[in-house]
Amino acid sequence: MIHTEERPVTEDSPSRPRTCIRVARTAAALAEAAADEAMYAACRSRSGNTTRLDQIMHAAHKEACQARKFANWTTAWETGDVAEHAVIGYAGGAVDAAIRAQAAAGVEVTAAALRAELERPLTAVELAERENERRRAAAQEEAEQQAATGMDQDNRRHADRNRWFAKGYVPELGWTAGHVRVLEAAADGRLYWRGRQAWRAARPGQWTGGRKISRERTDALYGARFLTAVLQADGTRVLTPSPMGAVALEYARLHPAGLHENDRAAYEARYATVAKRHKRRDDRKAAARRLPPLDPSAMRAYRRPVTLAEQEAAAQESAEQRAATEQWDNEGGHCPDMPTPRPTTTRTTDTRRAREYQTGQVDTAAGAMAGRTDPIRHAPHQQLDLWPRENPGPVRRPRRAPRPSISTRFPHRTHFHAPAAWIEPQLDAAPTGHDTPPPHHTAPHRSADANTGTRHNPRTR
């Protein structure tokens, strides 16, 4: 057997890991001694057939090597590479290997006594040290995670959940990387619409110049309500992400593998999704050209993680506000026990009567001017006739005359405006009607104006 040099285990402060290291080394020594006995027995044999002794020697040697391996693994705890629970497992494995080695060599099994030393109950000092080590390891791991992600444990859990949900929701959007770029420009405050074209401004808030961006993708995102438009005085529409668009953008950033390579692949994926909902081919194509909205469950499932820097900034702002409030109170600001002063109202009579109703006494100064000097001798509940009822009965109004029809009120108009909810939002809205309609605007051609957001009045020709 090959023996390795063992370093003494320092027992300055008795602990469970050091005990396990000592037990593992003892078990390895016993296993090696049993293997040596089996080897000497095979060497001293005088018979010509030593097959059985060789098998015993090899079995004991195998278990002795296993025990030494476990003993060497336990020493890694001193350098901090192995946790405490692993050291306990390694020591148990060394003891088991030593028992098998002694049983295979046919010697007395003395390694079984080491198991009782491993399984003995821990003392209060050992339990306290074990808890301290566990807390130190948890604190070190948390510090490493915070340094790597910049978030605490709760927000890291929110980020993991968002990534898991993104794997299911992003493929359903039918987007490409171009749609993400459009939403990113809108989130940066640099996307605007002018002259039937989408533009990406050079700087946020500068709605002139810049670079052109995909008109079709911008229009599709606006039609699916991922973008909202704010009309400026010069006719420019500033585009910003809607709440649904902001959540969809975060999901797309978390799972870019769910985006399609090009617009053709995205269209085919949307077509396969809507193929079962429509019978006509034209309806399927029209539905595939539109972007589907984000699932409402995705909005409820998303939780925005907050970084440690954002938490510190919010705490600092809250402390500044609290300090400003305390300074305002110290300088004679609002007092909780005193009513807040209000400007004088012009209805002095109603105010005086309300005060008299609450106190039961007449204001002599104001009452003398009003010709009243008698105090209110009745209880407040008997003065209800001075005030209007709190719950007046329903007021019956005369019935309106029936309203004349649209054709009677507007005989010269052949169109009327449809509600905005009936029309899909478009950045370049078509005209809503004509003051003087051409001759072909008649009832049989009603479908020709379906895309203009207008409808014919069938009562006029």
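Bear in mind that the values in this text are calculations on the coordinates, not laboratory data. Only a predicted model underlies this, so the values are computations on that prediction, with no experimental measurement involved. Note that we place each Cβ from the backbone using ideal geometry, even for glycine, and neighbour counts take in every protein chain shown.
Points to keep in mind about this one:
- Among the trypsin sites (Lys or Arg not before Pro) within region 20-66, those in coil by DSSP and having at most 12 neighbouring Cβ atoms inside 10 Å are R46.
- Spread over its residues, the convex hull of the C-alpha atoms of region 243-320 is 124 Å³ per residue.
- Between R196 and H58, the contour length at 0.36 nm per residue exceeds the Cα-Cα span by 41.0 nm.
- Close amide-amide hydrogen proximity is noted between T228 and T240, S242, each under 5 Å apart and 5 or more residues distant or on a separate chain (H modeled in the peptide plane; Pro and chain starts excluded).
- For the pair R225 and E142, a Förster radius of 41 Å applied to the C-beta separation gives a FRET efficiency near 0.50, rounded to the nearest 0.05.
- Region 97-166 shape via C-alpha gyration tensor axes, a/c threshold 1.5: prolate
- Values of log10 I(q)/I(0) for region 204-333 across q = 0.11, 0.21, 0.22 Å⁻¹ run -0.65, -1.29, -1.33, by the Debye formula with one identical scatterer at each alpha carbon and no solvent.
- At full extension, Q321 and E78 could sit 82.4 nm farther apart than now, given 0.36 nm per residue minus the alpha carbon distance.
- With the convex hull drawn around the C-alpha atoms of region 39-186, the volume per residue stands at 240 Å³.
- Amide proton proximity set for T176, modelled H, under 5 Å, gap of 5+: H260
- 12 Å beta-carbon shell around V170, net charge (K/R +1, D/E -1): 0
- Interatomic Cα distance distribution for region 59-136, bins of 10 angstrom, percent: 18, 41, 29, 11, 1
- Applying Stokes-Einstein at 4 °C and 1.567 mPa s to the Kirkwood radius of region 133-212, computed over alpha-carbon pairs, gives a translational diffusion coefficient of 80 µm² s⁻¹.
- Taking a straight Cα-Cα cut-off under 29 Å and skipping sequence neighbours fewer than 8 places away in the same chain, no lysines fall within cross-link reach of K69.
- Total formal charge among the other residues, if their Cβ is under 12 angstrom from that of A269, Lys/Arg +1 and Asp/Glu -1: -2
- Computed from label points 7 Å out along Cα-Cβ, the spacing between M299 and A42 is 7.7 nm.
- Under-5 Å amide H pairs with D152, H placed in peptide plane, nonlocal only: L308
- For region 198-270: rounded, prolate or oblate by the Cα gyration tensor [a/c cutoff 1.5]: prolate
- Modelled spin-label separation between V125 and W328, with each label point placed 7 Å from Cα along the Cα-to-Cβ direction: 6.0 nm.
- Rounded FRET efficiency, nearest 0.05, which uses the C-beta distance separating R161 from R215 and R0 of 56 Å: 0.95
- R0 of 56 Å, Cβ-Cβ distance A309-E117: FRET efficiency to nearest 0.05: 0.65
- Zone residues, region 87-105, relative to R134, backbone N less than 15 Å from point 7 Å out along Cα-to-Cβ: 87-88
- For the pair T51 and A287, label points projected 7 Å from Cα toward Cβ lie 7.8 nm apart.
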